Amino acid sequence: MISRFFLILLITVVLLFPIWALGTEHGQVKVRSVFFITQVLPQLPSIKLGQSNPIVSNEKFNIGSDDVTVQIYKPNLNGKHPGIILFLGVSPAANHDPRIVNLASALTRTGFVTLIYSSQEIAEGNLNFDDVQKLVGVFKHMQSMEYVDKDRIGFAGFCVGGSYVLMAASQPEINDDVAFVNVFASYFNAESLVRSIATNSFWNGEEYIKWTPDELTMKTHQEMVLESMTLEDKIIVQNMMSTNGFVFESEDDYTQTVYELLTGVTNEEYDSLYDSLPLSMKEKYEEISPSTYITNLRSPVYIMHDKKDDMIPYIQSKDLYEALLNKVDVNYTEFQLFRHLDPDREISPVNMIIEIKKLYQVINSIIKHSI
């Protein structure tokens, strides 16, 4: 009953637009936006009227000395199409996951050539700049595709993937060519995210707010920190964590610092502990932070975040929005419907209508800008 009600509501949104205008470009964008939303929200019956299934293929090519394999969803239509590069980042879902297939298919039915990029290193928690350079290479490769309009290619990234597409879109080799960037639940500054994880809190501009990170966030954080250590110190810290802090002999004096940062500290303790970390570790956080690069960003940015996100606190996206104001066209939307990335949070029917309207407005803007 509720799904039928929402479907009627969405169709009404389209029908309230003058009938004669549905044949116009603006009207077609509205229809595509509505159809897309029905295909990605499980609460709604999916509408695919007049939309054919995409052509799916895998493609392998070289970026420098590295082999890269991507999955491509192509509209079953002739001519050139806008492109979108989708990066999921640290995701337990593989490309064949029904949620990923559904999203890529919905984007392609909307009119995009959808390219899915994945990184085994990032999936394993090894965050470094290499994937930024690979994303730049993937963008250039997509520009060369004969069925893609090279002037209408954008990025979309989720979680860590969103942070990486922001960094890629800011690189001088492509920043003038990127049509748009859409990020969902991403981090803006790696060091401030580390603080939030270590202290179970985030700064909202006035005070520290309690925040409990998800297990996947904790796991990724631990893997990244331990990956930067020598094997000997890595083993020592792991042993300390398994024995509740029993200190083993070490030639390095920062294993205790790392242990404390990985197991929880207060904000007061965090400052002195972070200051004592090696410069190389601090530089690593700076290297993988969008905040380091966004002065070079040229494209419109659409930012989305779950207000109750326990993977990455929403304040990261809000800080990104405030940093981009008056620099590029930027839109920021907070949601209650999503649980990090999955639209399955229980909310009232009235709030669901509000959430659908917000999602429609974002999607409509992106499609209008691209199609």
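Mind listing whichever residues of segment 319-371 are closer than 19 Å to Ala169 by Cα and among the charged types (D, E, K, R)?
Listed by number, the residues that qualify are Asp319, Glu322, Lys327, Asp329.
Read through the list (1) surrounded by fewer than 22 Cβ atoms within 10 Å (Cβ to Cβ); (2) within 24 Å of Ala190 (Cα to Cα); (3) in contact (Cβ under 8 Å) with a residue 12 or more places away in the chain, then give the number of the only condition that Glu121 fails.
So Glu121 meets the others, but not (3).
Residue by residue through segment 17-63, note down the ones that are among the small types (Gly, Ala, Ser), at pLDDT 85 or above and loosely packed, with under 11 Cβ neighbours inside 10 Å.
If the condition is that a residue be among the small types (Gly, Ala, Ser), at pLDDT 85 or above and loosely packed, with under 11 Cβ neighbours inside 10 Å, then Ser57 is the only one that fits.
Any residue in segment 118-132 that is of a type in the set (Ser, Thr, Tyr) and at pLDDT below 95?
yes
Please go through segment 74-99 and give me each residue that is at pLDDT 90 or above and either surrounded by fewer than 19 Cβ atoms within 10 Å (Cβ to Cβ) or out of contact with any Gly (no Cβ under 9 Å at 6 or more places or on another chain) (or both), ordered by number.
Lys74, Asn76, Leu77, Asn78, Gly79, Lys80
Taking the residues in segment 315-332 that are in contact (Cβ under 8 Å) with a residue 60 or more places away in the chain and not polar (S, T, N, Q) as candidates, determine which candidate is farthest from Phe158 (Cα to Cα).
Ala323
Which residue, of Phe35, Phe61, is in a helix (DSSP H, G or I) and of a type in the set (Phe, Trp, Tyr)?
Phe35
Could you check segment 312-352 and list, in sequence order, the residues that are farther than 19 Å from Tyr208 by Cβ and touching a Cys at 6+ places or on another chain (Cβ under 9 Å)?
If the condition is that a residue be farther than 19 Å from Tyr208 by Cβ and touching a Cys at 6+ places or on another chain (Cβ under 9 Å), then His340, Leu341 are the ones that fit.
Assigned to a helix (DSSP H, G or I) and either modelled with pLDDT of 95 or more or not assigned by TED's automatic domain parsing to the domain that holds Leu320 (or both): is that true of Leu115 in this structure?
It is false that Leu115 is assigned to a helix (DSSP H, G or I) and either modelled with pLDDT of 95 or more or not assigned by TED's automatic domain parsing to the domain that holds Leu320 (or both).
Would you kindly identify the helices (runs of 4 or more DSSP H) lying entirely within segment 149-255 that contain at least 2 residues that are within 17 Å of Phe129 (Cα to Cα) and among the small types (Gly, Ala, Ser)?
160-169
Considering each of Asp253, Asp214 in turn, give the residue that is surrounded by fewer than 19 Cβ atoms within 10 Å (Cβ to Cβ) and in contact (Cβ under 8 Å) with a residue 24 or more places away in the chain.
Every option except Asp214 fails the conditions.
Determine whether Glu206 is assigned by TED's automatic domain parsing to the domain that holds Gly89 and not hydrophobic (A, V, I, L, M, F, W, C).
no
Which residues, taken from segment 261-306, are of a type in the set (A, V, I, L, M, F, W, C) and either in a helix (DSSP H, G or I) or within 25 Å of Lys134 (Cβ to Cβ) (or both)?
Passing the criteria: Leu261, Leu262, Leu273, Leu279, Met281, Ile288, Ile294, Leu297, Val301, Ile303, Met304.
Would you be able to say whether some residue in segment 79-87 is among the aromatic types (Phe, Trp, Tyr) and in a loop (DSSP other than H, G, I, E, B)?
Scanning segment 79-87, I find no residue that is among the aromatic types (Phe, Trp, Tyr) and in a loop (DSSP other than H, G, I, E, B), so the answer is no.
Specify which of the listed residues (Ile312, Ile354) is among the hydrophobic types (A, V, I, L, M, F, W, C) and either in a strand (DSSP E or B) or more than 21 Å from the chain's Cα centre (by Cα) (or both).
Ile354
Can you name the residue in segment 273-315 that is β-branched (Val, Ile, Thr) and within 26 Å of Asp176 (Cα to Cα) and, of all such residues, is surrounded by the fewest Cβ atoms within 10 Å (Cβ to Cβ)?
Only one residue fits best here, namely Thr295.
Being among the small types (Gly, Ala, Ser) and over 19 Å from the mean Cα position of the chain (by Cα): is that true of Ser365 here?
So Ser365 does not fit the description; no.
The values are calculated or read from the model by the stated rules, or taken from the named source; none is laboratory data. In this text, all values refer to a predicted model and were calculated from it rather than measured experimentally. Neighbour counts are summed over all protein chains in view; Cβ atoms, including those assigned to glycine, are modelled from backbone coordinates with ideal geometry.
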